[in-house]
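Working notes, beginning with the structure itself.
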Amino acid sequence: MTLLIAKSLHIIGFTCWFAGLFYIVRLYIYDVEARATGGKVGEALCAQFQVMQRRLWYGITWPAMCFTWVFGLWLVSQQSSIATWLLIKLGLLVLLVGYHLLLGSIRKALLTDKGTPWSSRSLRILNEVATLFLVAIVFTAVLKSALTWTVALSVMGGLALLLAGGFGAYQIIRNRR
């Protein structure tokens, strides 16, 4: 029963972590676009977005990441041996923490008067990286040893094409408005 509770808490943690990662980039996009409008309205919007970013980052995203790691490492400690799939998952998680830290550096840059060198378009693309991580990690954890390189590359390639197509379609629709 304890193992099932730990798994449940781990799932809750990574769900909240990914929700934070997805939403924080949206707030960055809105912040960058508000800066581009300028004036008092742009300043007011930026101030509001920065409050929202701080609350999300420190109130949800960071705690959820820590929660995920605590229960995930507890689950790993219950394993009698470390399987290859688990090493792959841990490697993906280390990369995900790097992505998390990158988003933190963007947040710090947005707090300055200069803002970030990231455009709203590049942030939209960056936002899809979390989707790729989510899919890769879930497939690795669920399929475990049944996951082959062919399946992994097919799923990730297909998803990348789908995301790129969706992004391109969105840009066309947005430019028409």
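Please treat every number below as a calculation from the coordinates, not as lab data. This one's a predicted model, so the numbers in the text were calculated from it and none came from an experiment. In this analysis, Cβ positions are derived from the backbone assuming ideal geometry, glycine residues included, and neighbour counts consider all displayed protein chains.
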Given the options Ala34, Ala83, Ala141, which has the most mean-square fluctuation in a GNM of the chain, springs set between C-alpha atoms less than 10 angstrom apart? Ala83
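Can you compute the helix-only [θ] at 222 nm over the chain? Use -39500 (n - 2.57) per DSSP H run of at least 4 residues, normalise by all residues, nearest 500 deg cm²/dmol.
Working: 6 runs with 149 residues, N = 177.
After summing the helix terms and dividing by the residues of the chain, the value is -30000 deg cm²/dmol.
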Sort 106-119, 52-65, 162-175 by packing, meaning the average of other beta carbons within 10 Å per residue, with the highest value first. 52-65, 106-119, 162-175
If you project the alpha carbons of region 44-88 onto the principal axes, what extent comes out on each, in Å, largest first? 55, 17, 5
On a straight-distance basis, which lysines could pair with Lys89 in a cross-link, Cα separation under 25 angstrom, same-chain partners fewer than 8 positions away excluded? Lys7, Lys144
Measuring from the lowest to the highest alpha carbon on each principal axis, how far does the chain reach, largest first, in angstroms? 60, 34, 23
Compute the distance from the alpha-carbon center of region 26-51 to that of region 52-128, in whole Å. 23
Ala47 and Ala169 label points (each 7 Å along its Cα→Cβ direction) are spaced in nm at 4.0
Measure nothing but the geometry: give the 0 to 90° angle between the long axis through the Cα atoms of 62-77 and the longest principal axis through the Cα atoms of the chain, rounded to 10°. 10
Dimensions of region 1-99 along principal axes (Cα, Å, largest first)? 61, 25, 13
